[in-house]
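**Q** My structure is below; once you've seen it, I'll send some questions.
The values are calculated or read from the model by the stated rules, or taken from the named source; none is laboratory data. On a predicted model such as this, the values are computed, not experimentally measured, just so you know. Methodologically, a virtual Cβ is constructed for each residue, glycine included, from the backbone with ideal geometry; neighbour enumeration extends over all protein chains shown. Keep in mind that these areas ignore ligands, DNA and RNA; they rest on the heavy atoms of the full protein, side chains included. Shrake-Rupley method; radii C 1.70, N 1.55, O 1.52, S 1.80 Å.
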Amino acid sequence: GFFNGAGGGMEHEQEQVQQPVLPPRDVQSPAVDPAYDPWEDKKYFDEYAKLDIHCDMLHDASRMDTYYNAIMQNPQDFKDKVVLDVGCGTGVLACWCALAGARKVYAVEACSVADQAEMIVLRNGLTSKVEILRGRIETLVLPEKVDVIISEWMGSFLLFESMLESVLWARDHWLKEDGKLYPEIGRLYVLPICFDQFFEKKVGNLHDVRGINMSILGPLARKELTTWGIRGRKVKKECVIGTSQLVREVDVRVVQPQDLLKILTPLKCTITEDSKLVCQLCETHCLLI
């Protein structure tokens, strides 16, 4: 299975969690960030409690088709297995794992959308297999180790606002030695795109706003756009004007939290077409099988 998406943003924040008493393990827990901010943490989970975000994800055909196919086309990974879904949201992945034959699915969700996930599990007659656990995976104690960890952890620019640290915590504490991770590989690419059309649509008509010349905003808008970037914009294929470059590959099976704090890579993309405004598109690829 293969999923790709686009996003921007190059900073990444790691969150501190209260560590529970857990069974002894021969692995170290992820590093704790002393800059953890409870207000930011609450803001993050409040945002993901909004159903419109989850509806957008459920209607993302590329995302949904890829996860569904990866689960259903690999029955050997799910039949009679124990699965952990980290950040289950509305519970769709957990339900698919149950339909694929999982013996038990622990679906962990820290925000209030867990209430809706529980109703969805009930509506689909899967309560005997899928158990919704409320809270952070870092603060929960599971009754058993798991065979598979599945999660839609990818954020903008692959790592921004992602749940990867939580997945790594789950990997180190609850995944069996021969367990599987879905996805297990994430790749971040950068490629040049032409944004002339977008920019003109944004500020091109400012020279006459019902009789007022506001074109002075143009250079300021350009500076802001090129400084802060744009997130969540759909880009047509014809806007790509050069070659892509692999910036970072993340192997979820072995990567450590400290490896994710900083990405330093020289960019050498070849631009093949002229453009007044060249932006860098950040594209993520994730390998599910």
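**Q** Among the residues of region 134-141, is there at least one that is surrounded by fewer than 17 Cβ atoms within 10 Å (Cβ to Cβ), outside any loop (DSSP other than H, G, I, E, B) and out of contact with any helix residue (DSSP H, G or I) (no Cβ under 9 Å at 6 or more places or on another chain)?
**A** Within region 134-141, the subset surrounded by fewer than 17 Cβ atoms within 10 Å (Cβ to Cβ) is 134-135, 139, 141.
Among the residues that remain, those that are also outside any loop (DSSP other than H, G, I, E, B) are: 134, 139.
With out of contact with any helix residue (DSSP H, G or I) (no Cβ under 9 Å at 6 or more places or on another chain) added as a condition, the list becomes 139.
There is at least one residue in region 134-141 that is surrounded by fewer than 17 Cβ atoms within 10 Å (Cβ to Cβ), outside any loop (DSSP other than H, G, I, E, B) and out of contact with any helix residue (DSSP H, G or I) (no Cβ under 9 Å at 6 or more places or on another chain).
**Q** In this structure, is residue 125 open to solvent by 10 Å² or more (accessible area, probe 1.4 Å), more than 21 Å from residue 256 (Cα to Cα) and not hydrophobic (A, V, I, L, M, F, W, C)?
**A** yes
**Q** Would you check if residue 40 is open to solvent by 70 Å² or more (accessible area, probe 1.4 Å) and either in a loop (DSSP other than H, G, I, E, B) or at pLDDT 65 or above (or both)? I'd like the intermediate steps shown before the answer.
**A** Values: open to solvent by 70 Å² or more (accessible area, probe 1.4 Å): yes; either in a loop (DSSP other than H, G, I, E, B) or at pLDDT 65 or above (or both): no.
So residue 40 does not fit the description; no.
**Q** What number goes with the only condition from (1) farther than 30 Å from residue 247 by Cα; (2) in a helix (DSSP H, G or I) that residue 106 does not pass?
**A** All conditions pass for residue 106, except number (2).
**Q** Could you please give the count of residues in region 222-249 that are at pLDDT below 75 and charged (D, E, K, R)?
**A** Count: 3.
**Q** Taking interchain pairs and intrachain pairs at least six residues apart, which have beta carbon atoms under 6 angstrom, with the first residue in region 256-283 and assigned to a helix (DSSP H, G or I) and among the aliphatic types (A, V, I, L, M) and the second open to solvent by 40 Å² or more (accessible area, probe 1.4 Å) and at pLDDT below 80?
**A** Within 6 Å, no pair qualifies.
**Q** Of all residues in region 150-170 being part of a strand (DSSP E or B) and at pLDDT 85 or above, which is surrounded by the most Cβ atoms within 10 Å (Cβ to Cβ)?
**A** Of everything passing the filter in region 150-170, 150 is surrounded by the most Cβ atoms within 10 Å (Cβ to Cβ).
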